[in-house]
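Down below is the structure, laid out as structure tokens.
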Amino acid sequence: MKNASFVTEKHKNTIALAVILFVNCVFAIKYAERYTDWYMLVAAFSVIVQLLLFAKRNVIFEKLQKIKHSSFFILVICSAIFLFLASQVPLESLRVNRWSVITSFWDCYFNNLYVYKAKAFDGIYPGAMPFYFVLMFPFYLLREFSYVTVIAVFGLYFLLKTEKQKGVYMLLIVSSITFLYEVLTRSTIFFNSVLIVASLYYFFNTKTNIFFKGIVIGLLLSTRNVYVFVYGIAFIYALRNSVYSFRNLLTMGVVALLTFAATFIPFVINHSTEFSEANPFLMETSAFMPPLLTFLCVIISLLFAFFAKNKSDIFFLSGVTLFLTIVSYFAYHIIINGFHTAFWGSVADVTYFIFCVPFFLYFLIENGSKLPKQSVTH
């Protein structure tokens, strides 16, 4: 079964692009509906624009090559515009509660209250892991979270190797409604997943100390539960393909688990009883989907690892796993609450679809969206 492949490289590229377009379409439908009755046309137009930009990337890149580092500057301009728009949208006017969850978490901490009983403006308790809030602490001090997504966008940009790849990435990002949404609503999901993408790159492409790698993985596991799927795939692939020895992977895993556990200490050391009553494991389970369905998603993700032919497949399969997990989560809530309540009533959170987007972006651009050979090169 080693190096088996259930789809061709062309199919993988198509799937990655299709999911990116799908997520963009879902966001356009969901949020354009609040402002216009023509929201389906807006969604169709957004998908067509993004698809055309990708299809014509060769021609566009040839034009942009006349301007050195044009992709970077266009991203800077687009980000500046989005940040300006965000500055015109008061935090208190937002329906998205992530900024409020972070704020209430740190407010409770500095008032010596138990952080996982902090409430956002809509009564929601924190569901993310401790290190997520540590990462958000500088933005809490600034009282502004719109920079989070912009930092992530440039973080993924600098992971790409060539100007061609960066150009394709720029086209997909500037035409992305999800990018605009994340900045305007001060959401953090794109940022979280870019960190995981970067850690996978680091995991497979550097020879630094395995203890340090274990610490990095442990810290990033302490952001969102769902990323255990990603690291499960990466570890199985690494073992099967002798990227690391079993001993090194075991050491890395133990260090990661110890680091993960250690991130809880500052926040629960004086609140052990309250921790048993309210913690992110319980919050995520109650808000996401039943444990049995979660367990099935874990099993499927681990099975996917056996279909990885190369390191780039880890990014693709991680994206597939995260996407199918969110589809399962949505299907569960649609069955329980009905489509209208789940989607339009936001019982199911469409922003979770963003979890998979950076993985598909990186795979599509790094592995599958190379410009044709006849294009102009440096």
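The values are calculated or read from the model by the stated rules, or taken from the named source; none is laboratory data. A quick note: this is a predicted structure, and the numbers were derived from the prediction, not measured. Here the Cβ is made from the backbone with ideal geometry for all residues, glycine too, and neighbour counts use every protein chain on show. Just the protein is used for accessible areas: all its heavy atoms, side chains included, with ligands, DNA and RNA removed. Shrake-Rupley method; radii C 1.70, N 1.55, O 1.52, S 1.80 Å.
Taking each of K207/K309; K56/K311; K10/K66; K56/K161 in turn, the alpha-carbon distance tops 24 angstrom for K56/K311; K10/K66. Surface listing: I124, I20 arranged by accessible area from highest to lowest gives I124, I20, probe 1.4 Å.
Whole Å is fine, so just give me how far the alpha carbon centre of region 56-76 lies from that of region 218-269. With region 56-76 and region 218-269 each reduced to a Cα centre, they are spaced 38 Å. At an R0 of 22 angstrom, the distance between the Cβ atoms of E277 and I299 translates into a FRET efficiency of 0.15. Ordered from largest to smallest accessible area (heavy atoms of protein chains, 1.4 Å probe), the residues R34, R95, R186, R143 come out as R95, R143, R34, R186.
Would you mind finding the longest exposed-site-free stretch of the chain, with exposed chymotrypsin sites (Phe, Trp or Tyr not before Pro) meaning DSSP loop and at most 12 other Cβ atoms within 10 Å? With chymotrypsin sites (Phe, Trp or Tyr not before Pro) excluded where exposed in loops, the chain gives 39-378 as its longest stretch. With all protein chains in place and ligands, DNA and RNA left out, the 1.4 Å accessible area ranks T351, T206 as T206, T351, largest first.
The value of relative contact order for region 256-368, using C-alpha pairs under 8 Å at least six residues apart, is 24 percent. For region 189-237, the carbon plus sulfur part of the accessible surface works out to 74%, probe radius 1.4 Å. With all protein chains in place and a 1.4 Å probe, the accessible surface of region 275-365 carries 75 percent carbon and sulfur. Please compute the Cα-Cα pair-distance distribution of the chain with 20 Å bins starting at 0, giving whole percents from short to long. Going out from 0 Å in 20 Å bins, the chain shows 27, 60, 13, 0 percent. When the surface is traced with a 1.4 Å probe over the full set of protein chains, T341 keeps roughly 60 Å² accessible. Ellipticity at 222 nm from helices only: DSSP H runs of n ≥ 4 in the chain, each -39500 (n - 2.57), divided by the residue count, give -21000 deg cm²/dmol. Using a probe radius of 1.4 angstrom, the carbon and sulfur fraction of the accessible surface of region 30-81 is 72%. Solvent exposure of region 97-196, expressed per residue, is 33 Å² of accessible area, with all protein chains present and a 1.4 angstrom probe. Taken per residue, the accessible surface of region 25-81 reaches 62 Å², heavy atoms only and a 1.4 Å probe.
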